[in-house]
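The values are calculated or read from the model by the stated rules, or taken from the named source; none is laboratory data. Being a predicted model, the structure only gives us computed values, none of them experimental. Cβ sites come from the backbone with ideal geometry, for glycine too, and all protein chains shown count toward neighbours. We work out accessible area using only protein heavy atoms, side chains counted, and drop any ligands, DNA or RNA first. Shrake-Rupley method; radii C 1.70, N 1.55, O 1.52, S 1.80 Å.
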Amino acid sequence: MSLFSGTIQTLENSLEYASVKNKTIAHNISNADTANFKAKRVQFDDVLKNELSEQFQATRTNERHIPFSTDKSNIHITTDRSTMYNHNGNNVDIDKEMTELAKNQIYYQGLVDRMNGKFNSLQSVIRGGS
């Protein structure tokens, strides 16, 4: 039996994604004037949505088989080479990056609030409901 039926692990993976995305956006913003710099993008939402919607269960039939992992932290950073916004070959759109940063900060704070709620529930159970 896992604590909170895997909710803590899912929240942890989501926090990791939000942290990597924040670092990537900050890197893009800091290189907004760097010649030929191409913006980086973090890919994780699609993987998480697929994992949550399919409820995939795997079973090992032999101990020599590779174990299936329940780790959903398949975070991939890709480089966007499809556009060029500046005359110097740079494709960082500062307005888009700032919008993504604000959205990511709200997402991160929501995850932290949810994690705090889970731990407060656990603390309440340990104290006997008081």
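How would Ile75, Ile94 rank on accessible area, largest to smallest, probe 1.4 Å?
Largest accessible area first, the list is Ile94, Ile75.
Put a dot 7 Å past each Cα toward the Cβ at Arg127 and Ser30; how far apart are the dots in nm?
Between Ser30 and Arg127, the simple spin-label model gives 4.1 nm.
Measure off 7 Å from each Cα along the Cα-to-Cβ vector at Asn62 and Lys118, then give the distance between these two points in nanometres to one decimal.
The answer from the label model is 3.6 nm.
Roughly speaking, what is the stretch gain from His76 to Ile106, that is 0.36 nm per residue apart minus the C-alpha to C-alpha distance, in nm to one decimal?
Working: separation 30, 0.36 × 30 = 10.80 nm, distance 2.11 nm.
Result: 8.7 nm gained on full extension.
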